[in-house]
Amino acid sequence: MNVIDHVRDMAAAGLHSNVRIMSSLLLTMSNNNPELFSPSQKYQLLVYHADAIFHDKEYRNAACKYNMALQQKKVLSKTSKVRPSTGGTASSIQSQVCKAPNSVNYNILATSIHVINLKCTFD
């Protein structure tokens with residue numbers, strides 16, 4: 001079991017603050033050593049990190065991280081074929097985005113929903 005699997009398990013268990021800390025640490029390590037993770041692993045970490053931030057109701061920060069994930073997905077799509085996700089994860093997160101407070105800028109929500117719709121499966 002690699003570290004990405006541990007982050008996935010923590011996210012599934014609802015340990016969002018732990019996911020946020022661990023993914024932040026791993027992304028920092030990845031920035032210092034680009035060979036540490038593959039593009040798909042870095043994409044997964046960015047999405048888990050953004051999801052954890054979104055769960056903490058930091059919508060603007062989450063939207064920024066989702067945009068970073070989108071950029072990473074573009075890199076990933078250049079290096080390999082990826083299937084779009086049709087699973088429940090994107091729809092459940094999209095419903096969370098729709099429940100966000102009205103004070104959040106509509107463009108940020110629209111960007112987040114767009115990125116969520118672009119999530120890919122890595123099975």
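The values are calculated or read from the model by the stated rules, or taken from the named source; none is laboratory data. Remember, predicted model here, so these are calculated numbers, not experimental data. Heads up, the Cβs are rebuilt from the backbone with ideal geometry, glycines too, and the neighbour counts pull from every protein chain shown.
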What are the residue pairs meeting all of these: first residue in the range 8-29, first residue on the phi < 0 side of the Ramachandran plot and in a helix (DSSP H, G or I), second residue exposed (fewer than 12 other Cβ atoms within 10 Å of the Cβ) and not small (Gly, Ala, Ser), Cβ atoms under 9 Å, and 6 or more apart or on different chains?
Asp9/Met1
Is it true that some residue in the range 31-43 is more than 24 Å from Ser77 (Cβ to Cβ), surrounded by 13 or more Cβ atoms within 10 Å (Cβ to Cβ) and either free of Cβ contacts under 8 Å to residues at least 24 places away in the same chain or among the acidic types (Asp, Glu) (or both)?
no
Going through the range 33-80 one residue at a time, which ones are in a helix (DSSP H, G or I), of a type in the set (Phe, Trp, Tyr) and under 23 Å from His6 (Cβ atoms)?
Tyr43, Tyr48, Phe54, Tyr66
Within the range 28-36, does at least one residue satisfy the condition of being at pLDDT 90 or above and either closer than 19 Å to Ala63 by Cα or within 14 Å of the chain's Cα centre (by Cα) (or both)?
yes
On the given criteria, is Ala100 in contact with a Leu (Cβ under 9 Å, 6 or more places away or on another chain), modelled with pLDDT under 60 and not in a helix (DSSP H, G or I)?
yes
